[in-house]
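> Okay, handing you the structure first.
The values are calculated or read from the model by the stated rules, or taken from the named source; none is laboratory data. Keep in mind that this is a model prediction, so the values were computed, not measured. Every residue, glycine as well, gets a Cβ built from its backbone with ideal geometry; the counts of neighbours run over all protein chains shown.
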Amino acid sequence: MAMRSFYNEIKSMKVKELPNHLKPMFTIDYVKKSIQRGLDNYHAKYIMTDSIDPLYHVCFGGMIFSYLVALPEERRHLEHQQHAKEHGGAHH
């Protein structure tokens, strides 16, 4: 929803007008207020309604995070395995 409203704001602008429109959005104060607004919305939508969704968010977020942390090591392992296959090396 936020992306749609942002798109609607900028779609009628010219390219030269875009930096002046975006520059205020990258200030520390604006980012802090945006994060706080998002947290308030999340709290109102999920926490205050006694929804089980936050538990799902933590579980799935943890799974995704652990996958992303392990991904570089897995890629190195697969590259090593592929290199060994190509060069006839022993696989261990």
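> Checking Pro54 against (1) surrounded by 10 or more Cβ atoms within 10 Å (Cβ to Cβ); (2) out of contact with any helix residue (DSSP H, G or I) (no Cβ under 7 Å at 6 or more places or on another chain), which test does it fail?
The one condition Pro54 does not meet is (2).
> Mind listing just one residue for me: the one in the stretch 36-92 that is out of contact with any Lys or Arg (no Cβ under 9 Å at 6 or more places or on another chain) and among the polar types (S, T, N, Q) and, of those, nearest to Ala2 (Cα to Cα)?
Here is the first cut: in the stretch 36-92, the residues out of contact with any Lys or Arg (no Cβ under 9 Å at 6 or more places or on another chain) are 36-50, 52, 54-90, 92.
From the residues that got through so far, the ones that are among the polar types (S, T, N, Q) too are 36, 41, 49, 66, 81-82.
On the way: Gln36: 15, Asn41: 12, Thr49: 22, Ser66: 28, Gln81: 44, Gln82: 44 Å.
Going through the qualifying residues, I end up with Asn41.
> Right, another one. Picking from Met25, Met13, Met3, which residue would you name as being touching a His at 6+ places or on another chain (Cβ under 8 Å) and among the hydrophobic types (A, V, I, L, M, F, W, C)? Break it down stepwise before answering.
Working: Met25 fails: touching a His at 6+ places or on another chain (Cβ under 8 Å); Met3 fails: touching a His at 6+ places or on another chain (Cβ under 8 Å).
Sole residue among the options that is touching a His at 6+ places or on another chain (Cβ under 8 Å) and among the hydrophobic types (A, V, I, L, M, F, W, C): Met13.
> Right, something else. Just to be sure before I move on: is Asp29 at pLDDT 95 or above, surrounded by fewer than 10 Cβ atoms within 10 Å (Cβ to Cβ) and under 26 Å from Phe6 (Cβ atoms) in the structure I sent?
Numbers: at pLDDT 95 or above: yes; surrounded by fewer than 10 Cβ atoms within 10 Å (Cβ to Cβ): yes; under 26 Å from Phe6 (Cβ atoms): yes.
It is true that Asp29 is at pLDDT 95 or above, surrounded by fewer than 10 Cβ atoms within 10 Å (Cβ to Cβ) and under 26 Å from Phe6 (Cβ atoms).
> Out of the stretch 12-65, which residues are of a type in the set (Gly, Ala, Ser) and either over 22 Å from the mean Cα position of the chain (by Cα) or not in a helix (DSSP H, G or I) (or both)? Steps first, answer last, please.
Pass one, the stretch 12-65, residues of a type in the set (Gly, Ala, Ser): 12, 34, 38, 44, 51, 61-62.
Residues satisfying the conditions are Ser12, Ser51.
> Another question, then. Could you give me the residue pairs with C-beta distances under 8 Å whose first residue belongs to the stretch 35-63 and is acidic (Asp, Glu), whose second residue is part of a helix (DSSP H, G or I) wherever it lies, and which are 6+ apart or on separate chains?
Pairs that qualify, where the first residue is acidic (Asp, Glu) and the partner is part of a helix (DSSP H, G or I), are Asp53/Tyr46.
> Return the only residue of Ile35, Ile10 being of a type in the set (A, V, I, L, M) and modelled with pLDDT of 95 or more.
Values: Ile10 fails: modelled with pLDDT of 95 or more.
One residue alone meets the criteria, Ile35.
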